[in-house]
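Notes follow the structure.
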Amino acid sequence: MESKDQILLIVNPISGSFDKANLIEAVETNLAGKNINLRVYETRGEDDEKAINELILKHQPLRLLVAGGDGTIQLVAKVLKDHDLVLGILPAGSANGFASNLDLPVNLEDQIEVATGPTIFSIDTLELNGEMCLHISDLGINAELIKHYEHSNIRGKFGYFLQSFPALFKSNYPYKFTIEVNNNRFIKKGVLLAIANANKFGTGANINPKGKLNDGKFEVLIFKRISLLQILKTLFRNPKMNSNFVEAISTEEAIITCKKPVAFQIDGEFIGKRKKVKVKVAEKKLKIAVPEIFVDANLI
C-alpha cells in the first residue's frame, strides 16, 4: 500500500456512449487538490469482480467511486458486500435509474464533491433469486420492452412505453401473479408487477412514492391496466395514483409465481423469462455518498 491516501475509481468505458477521459481527469484534479491519489480501473466485461476485489485488498482505498450505469454500479455493489467501504456514484450510463433516486446533482464537479464528501446514507439492497437488486425489478410489460429495445435509449423507461404499441400487442398480458407475502397468498392480474426498493425508474417516473431505500422493506406493486393519465401522474414528484391502476404491498420477503414464464428485469437489465421469483431484503446494507438534501428527505 502506498503511503499516500487514495481512492479507487471504477469506470465502464463503454457505458453512456461517451468518452470517460474528461470525467477521469476531473476526478483526478479534484482529488489532487485534497492530496489524495486516484487509482482507475476500467471494466473489461470479464473477471471484473475478482479484479476489483483484489485492488481493494491490495491498496486499501479510502473509498470507491463508480462511473457507469446501473449495471456497473451493481457490479461494484456486489464486491462491496465483503468490504466496509463507502460508494460514490458518478452517473455515466444511458439510463441512470438507481442514481435518479439519490437526488445527485447534474453538474460533474458537484457530483464529484458529493461522491467524495462526508454525507453517507446506508441503503437496503434486495436479493431476487440470488441476484442483487438496487432499485427496481419487474415482471411483465416493462421487462418485455427492455428485451425488445435492449439496444436502444428507451430501455427501462416505463413512463414512455406507450410509444411501443407493436411490442405491447405481442405480449400476453394481463398476466396472472400469485403473491405469497406477510403470511398471506394473493392472486392478482395485471400488466406489470414491480418489486421496488426505490421510488423511480431512470426516466424520473415515480412508481413507488411511499417507498424508502432504508426502511428494511420493499414494495410489491401490481399495475392492473395501461392508463395514460395515471402514467403521466408518475412524472410528478409525489403522484397520487388510483387504486384501480396500481396496488401496493409493503414487505420484507415475497414469493411471486406465474403459470407461464414472464419477462423479468433487474435494475434495467433483461434477465430472461421466469415463472418464480423469491425476493427478500439482504442482510447487509450498502453505504452510499449522497447530498445532504437526500438524507433530510429520507429520514425515517
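FYI, it's all coordinate maths here, none of it is from the lab. Given the structure is predicted, the values throughout are model-derived calculations rather than measurements. Methodologically, a virtual Cβ is constructed for each residue, glycine included, from the backbone with ideal geometry; neighbour enumeration extends over all protein chains shown.
Key figures
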| quantity | calculated |
| --- | --- |
| Using alpha-carbon coordinates, inclination of helix 21-32 to the longest axis of the chain, degrees | 50 |
| Distance in nm between pseudo-label sites at residue 273 and residue 5 (7 Å out along the Cβ direction from Cα) | 5.3 |
| FRET efficiency estimate (nearest 0.05) - Cβ-Cβ, residue 122 to residue 243, R0 30 angstrom | 0.40 |
| Furthest towards positive pole of dipole, 294, 209, 120, structure part the chain, Cβ charges | 209 |
| Helix-only CD estimate at 222 nm, as mean residue ellipticity for the chain, using -39500 (n - 2.57) per DSSP H run (n ≥ 4) | -6000 deg cm²/dmol |
| Where a label projected 7 Å from the Cα of residue 18 along Cα→Cβ would reach, residues of region 246-269 with amide N under 12 Å | none |
| Violating pairs (Cα-Cα greater than 24 angstrom) within the set 20/200; 188/217; 78/280 | 20/200 |
| Ranked 59, 135, criterion: other C-beta atoms within 10 Å, fewest first | 59, 135 |
| Label-point separation in nm, residue 280 to residue 47, each point 7 Å along Cα→Cβ | 3.3 |
| Per-residue Cβ neighbour rank within 10 angstrom, fewest leading, 133, 258 | 258, 133 |
| Inter-site label distance for residue 253 and residue 184 at 7 Å from Cα along Cβ, in nm | 1.8 |
| Extension gain, residue 59 back to residue 78 (0.36 nm per residue minus Cα-Cα distance, nm) | 5.0 nm |
| Relative packing of 261-274, 38-51, 244-257, 7-20, which averages over residues the other C-beta atoms within 10 Å, highest first | 261-274, 7-20, 244-257, 38-51 |
| Rg to Rh, two decimals, where the chain supplies the alpha carbon set and Rh follows Kirkwood | 0.98 |
| Ranked 241, 132, criterion: other C-beta atoms within 10 Å, fewest first | 132, 241 |
| Protection-proxy order for peptides 25-37, 105-117, each taking the mean of Cβ atoms within 10 Å per residue, highest first | 105-117, 25-37 |
